[in-house]
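Peer 1: Could you have a look at this structure, given as structure tokens, before my questions?
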Amino acid sequence: MQYIQGRQYFEGEFNLPGDKSITHRAIMLNGGADGEAVITNALMGEDCVSTCRCMRALGAKIDVDGTTLRITGTPRFRRGTELNCGNSGTTIRLLTGFVAGKQIDAKLYGDESLSSRPMRRVADPLALLGANVKTTDGHAPVYVIPAPLRGTEMSLLISSAQVKSAVLLAGISADGETRVSEPVKSRDHTERMLAAMGANIRVNGNSVTVGKSVLKAMDVCVPSDISSAAYFMALGALKGKTLCKNIGINPTRTGILNAFDRLGVKYQLLNKRISGGEETADILVEKSDMRAITLTAEDVPAMIDELPLVALLCAFADGETHITGAKELRVKESDRIRTTAELINNLGGDCRETEDGFIIRGKEKLRGGDIDSYLDHRIAMTGAVGLIASENGGNVLREDCCAISFPDFFDKLGVKRG
């Protein structure tokens, strides 16, 4: 349990951890590539450590020195491997696709939380390529059995970067071309990295086509994670002024900035540049008077990880906010529709959950209170922001889950641990 005091003012300049999504892919793709690569500013939280563990089991050599990794890839994966994915949904879903194309047998499993998350959403699309993927009643453990893959065309019913990436990573080992389309363009880190590593890949709007490819290892400098920066940006909007340095502003990840625009948050993008094929900038955010907003299914994919935080900001905004089309939140590390609504209400806010989102009536102030993370790092970090912005503060229960994506989160906040 971590006590967090409410504050009248919050300011600072922050250098934040590397982007988790890009770190996962840099480890995984270089681990399955031909050659050697150096990854810098990697986020070595528990999820990405799980990806390292799995790639080593498949035959890659990975040396870790702080946030720098040296990787010698292996285009041919070891047979008969058991891959412990820990708590990482990205690891198990992307690797299921990657392994399915390698003509090996493998078992992919994880902890209790990971074992509760749906895996048919990956297994069913992969089956269209001819993959033989068995789930355990739709969940992990997942078993991949060698099978030849053939290119195909498919349309995903729900936009999901994890499902799309799994199909693409299988598709680079399939005969012929694989084309995957989604209703709304989701994060495109996999497409960008595959292209940079020499894959046969074409992007046309919301559709991506890949052909059989051999990946060439590539050095990657990982931008800082806008999902991690979002918590400090939110505190700037609520309580003062914050500057977050070297933040990735990939257009498929800037949904939080779109939410800021609608809420009326004052921010600036400074020192724009390109790093490893990804756009980056320093982001300055200042205290803002916010107004209620409406978000729909078209808005959700670009801010899926930040939606609990956006909902919290709306709890301080003038008017009634409606968020719909976010049913995907129910199958994250926790049911984030339920746990976000509980968080806001425990702080003294007014949030009603719906089947696929929230209705939030904003208040000028929230009193504070105790918050259960439900072992979900996004809920724990959102709760910490809410407590700092509250009048009386309170406790975050089971806060250690933050180590999954942001091991020194509380230190960066200036919260005394204990």
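The values are calculated or read from the model by the stated rules, or taken from the named source; none is laboratory data. As the structure is a prediction and not an experimental result, all values here were calculated from the model. Ideal geometry is used to build each Cβ from the backbone, glycine not excepted, and the neighbour counts take in all protein chains shown. For the accessible areas, the whole protein counts, side chains as well, though only heavy atoms, and no ligand, DNA or RNA atoms are used. Shrake-Rupley method; radii C 1.70, N 1.55, O 1.52, S 1.80 Å.
Peer 1: Over the chain, what is the relative contact order in percent, taking alpha-carbon pairs closer than 8 angstrom and at least six residues apart?
Peer 2: 17
Peer 1: Rolling a 1.4 angstrom probe over the protein heavy atoms, how many square angstrom per residue are accessible across the chain?
Peer 2: 37
Peer 1: What's the long-distance tail for the stretch 104-162, i.e. % of Cα pairs beyond 12 Å?
Peer 2: 68
Peer 1: Which of the aspartates and glutamates could a cross-linker span from Lys245 if the Cα-Cα distance has to be under 13 Å and same-chain partners fewer than 8 positions apart are dropped?
Peer 2: Partners within reach: Glu13, Asp19, Asp225, Glu279, Asp282.
Peer 1: Can you give the Kirkwood hydrodynamic radius for the stretch 1-81, in Å, rounded to one decimal and based on Cα pairs?
Peer 2: About 14.2 Å for the stretch 1-81.
Peer 1: A further question on this structure: Considering only protein heavy atoms and a probe of 1.4 Å, how much of the accessible area of the chain is carbon and sulfur, as a whole percent?
Peer 2: 46
Peer 1: Still on this structure, I have one more. How far, in nm, would the chain grow between Arg291 and Val214 when pulled straight, counting 0.36 nm per residue and subtracting the alpha carbon separation?
Peer 2: Contour length minus the Cα-Cα distance gives 22.8 nm.
Peer 1: Could you estimate the translational diffusion coefficient of the chain from the Stokes-Einstein equation, with Rh from the Kirkwood formula over C-alpha pairs, at 25 °C and 0.890 mPa s, in whole µm²/s?
Peer 2: My calculation gives 114 µm²/s for D.
Peer 1: Based on the alpha-carbon gyration tensor of the stretch 197-312 and its eigenvalue square roots a ≥ b ≥ c, which shape applies: rounded if a/c is under 1.5, prolate if not and a/b is larger than b/c, or oblate?
Peer 2: oblate
Peer 1: If R0 is 35 Å, what FRET efficiency do you get for Tyr3 and Ser116 from their C-beta distance, rounded to 0.05?
Peer 2: 0.75
Peer 1: In nm, what is the difference between 0.36 nm times the number of residues separating Val203 and Ile158 and their Cα-Cα distance?
Peer 2: That works out to 14.4 nm of additional length.
Peer 1: Given a 1.4 Å probe and the protein chains all in place, what does the accessible area of Tyr267 round to, in Å² to the nearest 10?
Peer 2: Here the residue's solvent-accessible area equals roughly 60 Å².
Peer 1: Expressed as a whole percent, how much of the Cα-Cα distance distribution for the stretch 132-225 exceeds 20 Å?
Peer 2: 42
Peer 1: What does the charge dipole of the chain about its Cα centre add up to, to the nearest 20 debye, if the Cβ of each Lys and Arg holds +1 and the Cβ of each Asp and Glu holds -1?
Peer 2: So the dipole magnitude of the chain works out to roughly 700 debye.
Peer 1: Which FRET efficiency, nearest 0.05, do Arg70 and Asp411 yield, Cβ-Cβ r, R0 22 Å?
Peer 2: Plugging the Cβ-Cβ distance into 1/(1 + (r/R0)^6) gives 0.25.
Peer 1: Roughly how many debye, to the nearest 20, is the charge dipole of the stretch 136-256 about its Cα centre, given +1 on each Lys and Arg Cβ, -1 on each Asp and Glu Cβ, and no other charges?
Peer 2: Dipole of the stretch 136-256, to the nearest 20 debye: 440 debye.
Peer 1: Write down Rg/Rh for the stretch 36-183, rounded to two decimals, with Rg from the C-alpha atoms and Rh from the Kirkwood relation over Cα pairs.
Peer 2: Result for the stretch 36-183 is an Rg/Rh of 0.96.
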